[in-house]
Every structure is written in structure tokens, then in C-alpha cells.
Amino acid sequence: MQLTLAQATGLCRMAALGAGANEEAAQSLTGSIIAAEAEGLSTVGLSHFIDYLEALEAGRIDGNADPVITRPALAVYLSDARGGLAHTGFDRTIDDLVKAAKLFGVSIFSQKNAYTCGALGYFTGRLAEQGLVSFAATNGPAVLAGSGSVKPVYCTNPMSFASPAADGPPLVIDQSSSATAFVNIRKAAEDGKKIPEGWALDASGNPTTDPAAAMKGAMLAFGGQRGANIALMVEVLAAGISGANWSLDAPWFTGGPDSPGTGLFVLAIEPKLLDPDFEQRMKDQLDRLRRRYGVHIPGRSRAEAAEKAKARGITTSRAVVQRISEFAERYSA
């Protein structure tokens, strides 16, 4: 089905309200989902939105949660999501986070007790649009084997990095510590397709190309031990510092009544305090890498897709729209 961005936004907002979110939470969640879908990130777009709606309905997300945000230091913001969305506390804080970074050079947003946050680049990309270099890390329920283990001990533990560049879209890197994202394995299972070797282990610790077996076993880190070490670092930043659940202790995000209680870490840096010409130098370097050396620059394709979506809208499956509409009809009723 073809939907304009306005149609998709209105549908998702009503669906979130119908699932039990208040207006603030509905708008916060909808903004992140529509951004992901518009940028071509369909696995964390409208199809993933259904996970949020079902979690709101089941109570895994408290749609009326009122995040408690404190400031333990002038450039540090600590959010307790109180079982709600990861997005609401960040949306409440982003303006202050930007101001603090521009004043002090750096600022930190740390959050606990939230549902999983979807596309992590949504957080860093917005800071890059404000002229800041940023890094983010988050965790979730355990699905990834650690170095030397065959059992899940970490989430896919994604990280994201973004940087502004003059006269163009920001550089946005958004990737998991695992060989692939969990939603890709789940989609392969739904579609009845095999997954590549090196993505996962089955429940007995053996390599598998069967996504159903992988979902009962453990995902593998990219780059073996080095990727697993990065997953551990992400875990410390996202969960350790904030006081959020370690991945081993996080309830599953698609079943049961309990929030996974995950963490989010965001670091914002004002580069112009160090080099006033940073954005132009960044643009020149990215152009050189792309044009002379053929380097893929993360973020460009997302920005181009988002521009096209503004004019042409988005295309998604009728089944996804129907499921979202079921929640929207509750609000209409």
C-alpha cells in the first residue's frame, strides 16, 4: 500500500493512542517510526511498530509513564523512563542536551527502565542536525553469545555515531554488535528463508542457517571476539552506567507483561569549540572518500530516501497497515 507521510503519521498516532499511549508518548513513538520507514529502514519501521502496539496493549510499555529526569552534573542528564518508551525522556531532554553541549563542549544523556528504542540512528542523527557529533549505545534482552560462550548473554547491543557536514546530510552510522539485527533473523523465519552462515548458533551451540533454530539459540557477534568485546562495552555504557537491566536480566520485549527495562547512553560533542571549520572539513573529507576512493558514506542513502518519501510517500504491506488500523479503530471508537 502507498501512504503519504501525513497519512502514515496520523494512522500511527491513532494506533498508539488506541493501544494505550498518551498523546506525548504517541507522538514521540510515531516520530521515530515514521522517520525509520521514510529512510528505508523497514525492519524498524511500520512492521516493528506493531511490536510497540502489542507491548502497549500487554503492559510491557507503560503508555502513561512520566519519565523522571534529573541532572546529577551540569552536563549530565539522567532519565528514569519508569517502564515507558525510550523516546519520551530523550525528546523532553534534547533541547537542554544540545544547549549543554554547546556551552560545556560535551553533554551526556543516560536512561534506564525503558522499552527497546528501535532505530538508534534516530537519536544521534537529530543531534547531528543540531551541529553536534554524537555517539549512542543501547541494550535489550539477551540474544547474542559472548566471547567464548554459546549461550546468549548480551542483546545485539547496537551503537550509533553521527556527525554534521556542511551543505549536506550528516554522516550516520547505526549498527549492531551482532553479525545482523535480530529483526532480520525474525523476518527470515517469517518468510521461510535461510540465514547466512556465521549469523547464529542453534540451542545446542552449533552453527545454523535455520532462523527458527537461531531464535532458540544465540546470535553471533560480528568479527568474533572483537565484536563480542564491543557488545560488552556497549552493555557497560547503556546498562552499567545508567542502572538499567543487564541484558541477561531483561524480560523479553515481545512477550509477558514486564518491561525489558533497558538502557540508553547518548554522548553529544560540540566540535566547533575545537575546530570552527569542522563541518566544512568533514564535508571535504567525506566527498574525497566517496568520489576518489569509492567509499560508502553511511547516512546519505537514508537522507535521500527520506527526501523521496516526502514527495512520494511510503510503500508497505497491506497486512501491516491492517494490523495497525485495528489499534487505530479502538481510538476512533
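Evaluated against (1) open to solvent by less than 10 Å² (accessible area, probe 1.4 Å); (2) over 21 Å from PHE135 (Cβ atoms), LYS193 falls short on exactly one condition, (1).
When THR138, THR70, THR88 are screened for being within 13 Å of the chain's Cα centre (by Cα) and β-branched (Val, Ile, Thr), only THR138 passes.
Just for segment 165-175: of the residues that are within 15 Å of TYR122 (Cβ to Cβ) and in a loop (DSSP other than H, G, I, E, B), which one is nearest to the chain's Cα centre (by Cα)? Among them, the one singled out is PRO170. Look through segment 106-131, keep the residues that are farther than 24 Å from CYS155 by Cβ and open to solvent by 10 Å² or more (accessible area, probe 1.4 Å), and return whichever of them is farthest from the chain's Cα centre (by Cα). Checking each candidate, the answer is VAL106. Screening GLY59 on (1) touching a helix residue (DSSP H, G or I) at 6+ places or on another chain (Cβ under 8 Å); (2) surrounded by fewer than 19 Cβ atoms within 10 Å (Cβ to Cβ) shows it passes everything except condition (1). Within segment 26-40, the set of residues being within 16 Å of the chain's Cα centre (by Cα), within 16 Å of THR9 (Cβ to Cβ) and not hydroxyl-bearing (Ser, Thr, Tyr) comprises LEU29, GLY31, ILE33, ILE34, ALA35, ALA36, GLU37, ALA38, GLU39.
Take the conditions (1) touching a Pro at 6+ places or on another chain (Cβ under 6 Å); (2) in a strand (DSSP E or B); ALA189 misses just one of them, which is (2). Selection of segment 262-286 for residues being in contact with a helix residue (DSSP H, G or I) (Cβ under 8 Å, 6 or more places away or on another chain) and not hydrophobic (A, V, I, L, M, F, W, C) yields THR262, GLY263, GLU270, PRO271, LYS272, ASP275, GLU279. Within the option set ILE69, ILE34, ILE50, being β-branched (Val, Ile, Thr) and farther than 18 Å from ALA319 by Cα holds for one residue only, ILE69. Of all residues in segment 10-33 being free of Cβ contacts under 8 Å to residues at least 40 places away in the same chain and buried (at least 18 other Cβ atoms within 10 Å of the Cβ), which is farthest from ALA114 (Cα to Cα)? Within segment 10-33, the match that is farthest from ALA114 (Cα to Cα) is ARG13. Looking at this structure, is PHE265 over 21 Å from ALA231 (Cα atoms) and of a type in the set (Phe, Trp, Tyr)? Answer is no for this residue. For ILE61, the test of being of a type in the set (A, V, I, L, M, F, W, C), in contact (Cβ under 8 Å) with a residue 12 or more places away in the chain and not in a helix (DSSP H, G or I) is passed. Quick check, is VAL172 at pLDDT 95 or above, surrounded by 16 or more Cβ atoms within 10 Å (Cβ to Cβ) and touching a Ser or Thr at 6+ places or on another chain (Cβ under 7 Å)? Yes; evaluated as a whole, the condition is true for this residue. When segment 25-60 is filtered for residues that are farther than 17 Å from ALA86 by Cα and of a type in the set (Val, Ile, Thr), only THR43 remains.
If I filter segment 215-227 down to residues being hydrophobic (A, V, I, L, M, F, W, C) and in contact with a helix residue (DSSP H, G or I) (Cβ under 9 Å, 6 or more places away or on another chain), which single residue comes out as surrounded by the most Cβ atoms within 10 Å (Cβ to Cβ)? The extreme case among them is MET219. Within segment 91-99, at least one residue is out of contact with any Gly (no Cβ under 6 Å at 6 or more places or on another chain), of a type in the set (Ser, Thr, Tyr) and free of Cβ contacts under 8 Å to residues at least 40 places away in the same chain.
The values are calculated or read from the model by the stated rules, or taken from the named source; none is laboratory data. Since the structure is predicted, the reported quantities are computational estimates derived from the model, not experimental observations. In this analysis, Cβ positions are derived from the backbone assuming ideal geometry, glycine residues included, and neighbour counts consider all displayed protein chains. Quick note on the areas: whole protein, heavy atoms, side chains included, nothing else; ligands and nucleic acids left out. Shrake-Rupley method; radii C 1.70, N 1.55, O 1.52, S 1.80 Å.
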